[in-house]
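Worksheet: the structure to be examined is printed underneath.
The values are calculated or read from the model by the stated rules, or taken from the named source; none is laboratory data. Just so you know, these numbers come straight off a predicted model, no measurement behind them. Glycine gets a Cβ as well: all are built from the backbone with ideal geometry, and neighbour counts include every protein chain shown. Keep in mind that these areas ignore ligands, DNA and RNA; they rest on the heavy atoms of the full protein, side chains included. Shrake-Rupley method; radii C 1.70, N 1.55, O 1.52, S 1.80 Å.
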Amino acid sequence: MRKLPPLRALQVFEAAARQQHFSKAADELCITQSAVSHQVRVLEEYFGEQLFDRQGRKLQLTQKGHGLFLELERIFNELSDLNLKVRDTPNQQLCLAVYSSFSVKWLIPRLADFRRQYPSVKIRLEMITQDPDLSTSTADIFIAGKLNQRGYWQQLLHKERLIPVCSPNFYLKWRDISLSNFQQQALLVVDEGPLGLDWHKWSSAHQIPLDNEQQHVFSHIVMAIEAAIAGQGLALAPDFMVAGDITTGRLVALNLPDVHTGFEFTFFCKQRRLSEPAIAAFSSWLKSQA
């Protein structure tokens, strides 16, 4: 008979190690935080090894704990694959964590084409405003900006290039908008948090001072784009996100310099799951759209 460690404790430890947080592991497993602590103690007593360094609220794996986590992650992934193989039920329902701006202005208008080509694959969108933890507990697949995540396959979709845009009516009112009269325009500024204000980044990149008296600040690029469509001023928008608005005449691309932010929209999925039919189909479709 095989001598196995307590299996429930292994499952709880793997979740806590992956999340690096007892309360998040508790939420994932639908148990209490104290139950997580108890199961981790059970495992530590069984092995006679400390698996976590606890420094106040900070949780870090010890060397032994890290080694155990890597092996358990591999084993649980293989068990998950085996479960699907034995049941002969490949996962046709995918949760996609995606930036809300990318989703609203680029992905959603195209999803009808994906559903037409792959009607059996169901995509659930989980909107995010910042890079999430790349974890199967968060989503099956991701469109984010992180790079070189261990165990994840990645596919570049778009490099962010911001172009100045405004509504056709706003443009016609001035007959022309150029650097000669640029300072008289209202700017629709997006506050990108740690990345800074987009128009200020544009100003710094081209060494053009911003003397515009009217600067309206938005917390999200989609709001700034909609304000531009409504004729409220000039916005900086990712070129691929407003291509449809420009084609349909809702926006005009201005003869002003653009700016590359260095941000890259990238598709991620677990390397081991890339061959799953649903994920392979979505990845292939994304590549054809990008």
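Any residue at all in region 248-264 that is outside any helix (DSSP H, G or I), touching a helix residue (DSSP H, G or I) at 6+ places or on another chain (Cβ under 7 Å) and of a type in the set (D, E, K, R)? The answer is yes; a qualifying residue exists. When you look at ALA112, is it in a helix (DSSP H, G or I) and either open to solvent by 50 Å² or more (accessible area, probe 1.4 Å) or among the aliphatic types (A, V, I, L, M) (or both), yes or no? Against the criterion (in a helix (DSSP H, G or I) and either open to solvent by 50 Å² or more (accessible area, probe 1.4 Å) or among the aliphatic types (A, V, I, L, M) (or both)), ALA112 qualifies. For region 33-73, filtering for residues that are open to solvent by less than 80 Å² (accessible area, probe 1.4 Å), free of Cβ contacts under 8 Å to residues at least 12 places away in the same chain and among the acidic types (Asp, Glu) leaves 2.
When you go through MET241, MET223 one by one, which is the residue that is without any contact (Cβ under 8 Å) to a residue 60 or more places away in the chain and within 18 Å of VAL165 (Cβ to Cβ)?
Numbers: MET241 fails: without any contact (Cβ under 8 Å) to a residue 60 or more places away in the chain.
Selected residue: MET223, the only one of MET241, MET223 that is without any contact (Cβ under 8 Å) to a residue 60 or more places away in the chain and within 18 Å of VAL165 (Cβ to Cβ).
Within region 198-213, residues that are among the charged types (D, E, K, R) have Cβ atoms under 9 Å from residues that are part of a loop (DSSP other than H, G, I, E, B) and at pLDDT 90 or above in these pairs: GLU213/ALA186, counting only partners at least 6 apart in sequence or on another chain.
Candidates in region 254-277 are the residues that are in contact with a Ser or Thr (Cβ under 8 Å, 6 or more places away or on another chain) and within 18 Å of TYR152 (Cβ to Cβ); of these, the one that is surrounded by the most Cβ atoms within 10 Å (Cβ to Cβ) is CYS269.
Whether a residue is among the polar types (S, T, N, Q), touching a strand residue (DSSP E or B) at 6+ places or on another chain (Cβ under 8 Å) and more than 20 Å from ASP131 (Cα to Cα) was assessed, and GLN214 passes this test. Please go through region 133-165 and give me each residue that is within 30 Å of LEU254 (Cβ to Cβ), at pLDDT below 95 and open to solvent by less than 10 Å² (accessible area, probe 1.4 Å), ordered by number. Matches in region 133-165: ILE143, ALA144.
The set of residues from region 13-32 being at pLDDT below 90 and either open to solvent by 90 Å² or more (accessible area, probe 1.4 Å) or hydrophobic (A, V, I, L, M, F, W, C) (or both) comprises ALA15, ALA16, ALA17, GLN20, PHE22, LYS24, ALA25, ALA26, ASP27, LEU29, CYS30. If you go through region 221-240 one residue at a time, do you hit one that is open to solvent by 40 Å² or more (accessible area, probe 1.4 Å), of a type outside the set (Ser, Thr, Tyr), in a helix (DSSP H, G or I) and on the phi > 0 side of the Ramachandran plot? Within region 221-240, not a single residue is open to solvent by 40 Å² or more (accessible area, probe 1.4 Å), of a type outside the set (Ser, Thr, Tyr), in a helix (DSSP H, G or I) and on the phi > 0 side of the Ramachandran plot.
Before we move on, is ALA139 closer than 30 Å to LYS270 by Cα, without any contact (Cβ under 8 Å) to a residue 60 or more places away in the chain and hydrophobic (A, V, I, L, M, F, W, C)?
Numbers: closer than 30 Å to LYS270 by Cα: yes; without any contact (Cβ under 8 Å) to a residue 60 or more places away in the chain: yes; hydrophobic (A, V, I, L, M, F, W, C): yes.
Taking the combined requirement at face value, the residue satisfies it.
PRO168 passes every criterion in (1) open to solvent by 20 Å² or more (accessible area, probe 1.4 Å); (2) without any contact (Cβ under 8 Å) to a residue 40 or more places away in the chain apart from (2).
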